[in-house]
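Worksheet: the structure to be examined is printed underneath.
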Amino acid sequence: MKLIYPPLLKKGDTIGLVSPSAGLAGKYKYRVRRAIRWFNKYGFKVKIGKYFWKTGYIAGEPEERAEDINRMIEDKEVKCIISSIGGKNSVQLLRYLDFKAFRRNPKIFMGFSDITVLHLAFYKKSRVVTFYGPMVLTQFGEYPEPFEYTVNYFFKAVMKGEIGKVKTVNYTDQFLDWGRYRNKARDRFRKNEFLWLKEGYGKGKLVGGCLPSILRVAGTKYFPSFKKSLIFLETPEGERPGKPYSLEKVDSNLSQLMEIGVFERTRGVIFGIPYQYTEGMKKEFFKLVEKRLSEYNFPILANVNFGHTDPIITIPYGSIGEMDSEENSFLIEIKTKVK
């Protein structure tokens with residue numbers, strides 16, 4: 001089944017906001033309001049899902065959260081659907097989503113972290129290009145505004161339909177408690193540049209996401225093929241907010257992906273910047289990746305700006321990525337066919 005790239009977003013279009021996983025939008029309403037002001041500033045209208053504001057570890061029952069997405073899919077006014085935040089329970093929605101309706105009404109669907117689950121399912125069942133990128137609370141609600149780098153790559157992906165070469169930028173993983181710091185900008189940034197863990201050239205379809213979230217779909221009918229792919233991977237925060245995801249878990253996740261054959265027909269792997277890792281931890285992380293993936297011949301690139309650090313790029317699922325260590329480059333083509 002042919003992969004569909006949804007219509008591009010235009011000024012004046014309506015963006016639908018949903019909470020597929022954690023119920024934090026209702027807890028941090030001021031960040032939602034800030035995001036809405038930003039959308040309005042750039043000429044977009046906003047429509048909010050019925051269950052968007054529900055609070056708790058999940059934003060309502062699975063049927064309710066899925067209903068919000070299904071309604072946004074069927075709503076002719078809505079051209080783009082953006083998740084409020086991630087969490088751990090997007091997988092509960094899969095049996096209730098209308099994948100056929102999404103193929104009939106392809107539109108931009110955006111989010112990262114636990115939203116990986118929905119991206120992989122839409123990619124497999126609907127064959128519609130969705131977007132691993134910024135969310136309402138985490139990026140669009142940033143003080144005083146979203147980072148320029150994040151905005152530029154968001155616009156490139158969903159409004160221009162062309163991304164091209166991806167550039168690195170200094171990043172922050174500074175944790176600010178949203179309950180305490182309402183109007184404080186993050187001001188601690190760290191230097192960043194591409195790091196090639198294994199040199200080489202690779203070209204393929206971009207598929208991937210957050211490590212533990214990918215594994216929530218493994219073994220289900222929603223798990224896509226990774227044949228001819230460039231797999232992009234990143235780490236979430238740890239069990240407590242603002243803490244790193246442990247190397248022990250990274251090791252376990254990579255090993256499980258190996259055992260289910262994800263890397264067998266892969267053409268390259270791209271890692272985001274590990275969230276909340278010290279320089280020493282990053283060295284251990286990269287050493288672990290090199291060791292675990294040493295049996296494969298594909299190139300491995302690290303320190304790309306996506307995932308839980310900021311600012312971030314937007315990655316269209318199924319579009320063509322190209323990585324070349326000789327040129328020290330990673331680029332994204334808005335195409336969906338690869339030889």
Residue satisfying condition, being part of a loop (DSSP other than H, G, I, E, B) and more than 18 Å from Ile115 (Cα to Cα), within set Asn152, Asn192: Asn192
Check on Lys124, closer than 20 Å to Ile270 by Cβ, modelled with pLDDT of 95 or more and basic (Lys, Arg): no
Cβ pairs under 6 Å, 6+ apart, first in the stretch 242-269 and assigned to a strand (DSSP E or B), second hydroxyl-bearing (Ser, Thr, Tyr): Pro244/Tyr277; Thr266/Ser229
Residues of the stretch 31-50 satisfying the condition of being crowded, with 21+ Cβ neighbours inside 10 Å and in a loop (DSSP other than H, G, I, E, B): Gly49
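Residue by residue, here is whether (1) over 24 Å from Thr235 (Cα atoms); (2) out of contact with any Gly (no Cβ under 9 Å at 6 or more places or on another chain); (3) assigned by TED's automatic domain parsing to the domain that holds Pro212 holds:
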site: Ala59; (1), (2), (3): no, no, no
site: Ala66; (1), (2), (3): yes, yes, no
site: Arg71; (1), (2), (3): yes, no, no
site: Glu74; (1), (2), (3): yes, yes, no
site: Ile81; (1), (2), (3): no, no, no
site: Ser84; (1), (2), (3): no, no, no
site: Lys88; (1), (2), (3): no, yes, no
site: Val91; (1), (2), (3): no, yes, no
site: Leu94; (1), (2), (3): no, yes, no
Residue in the stretch 72-93 that is acidic (Asp, Glu) and surrounded by 15 or more Cβ atoms within 10 Å (Cβ to Cβ) present: yes
From the options Phe286, Phe298, residue that is assigned to a loop (DSSP other than H, G, I, E, B) and either within 14 Å of Leu211 (Cβ to Cβ) or in contact (Cβ under 8 Å) with a residue 12 or more places away in the chain (or both): Phe298
Single unsatisfied condition, Met323 versus (1) hydrophobic (A, V, I, L, M, F, W, C); (2) touching a strand residue (DSSP E or B) at 6+ places or on another chain (Cβ under 7 Å); (3) more than 12 Å from Lys203 (Cα to Cα): (3)
The stretch 1-26: number of residues that are part of a loop (DSSP other than H, G, I, E, B), closer than 24 Å to Lys125 by Cα and not polar (S, T, N, Q): 10
Some residue of the stretch 104-122 being surrounded by 21 or more Cβ atoms within 10 Å (Cβ to Cβ), part of a loop (DSSP other than H, G, I, E, B) and in contact with a helix residue (DSSP H, G or I) (Cβ under 6 Å, 6 or more places away or on another chain): no
In the stretch 311-339, the residues that are assigned to a strand (DSSP E or B) and either modelled with pLDDT under 95 or surrounded by 23 or more Cβ atoms within 10 Å (Cβ to Cβ) (or both): Ile315, Pro316, Gly321, Met323, Phe330, Ile332, Glu333
Every pair of residues 6+ apart whose Cβ atoms lie under 7 Å, when the first sits in the stretch 100-129 and is free of Cβ contacts under 8 Å to residues at least 40 places away in the same chain while the second is acidic (Asp, Glu) and surrounded by fewer than 20 Cβ atoms within 10 Å (Cβ to Cβ): Ala101/Glu74; Asn105/Glu74
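The values are calculated or read from the model by the stated rules, or taken from the named source; none is laboratory data. The model shown is predicted, which means the values in this text are computed figures rather than measured ones. A quick note on method: Cβ atoms are made from the backbone with ideal geometry, for glycine too, and the neighbour counts reach across all protein chains shown.
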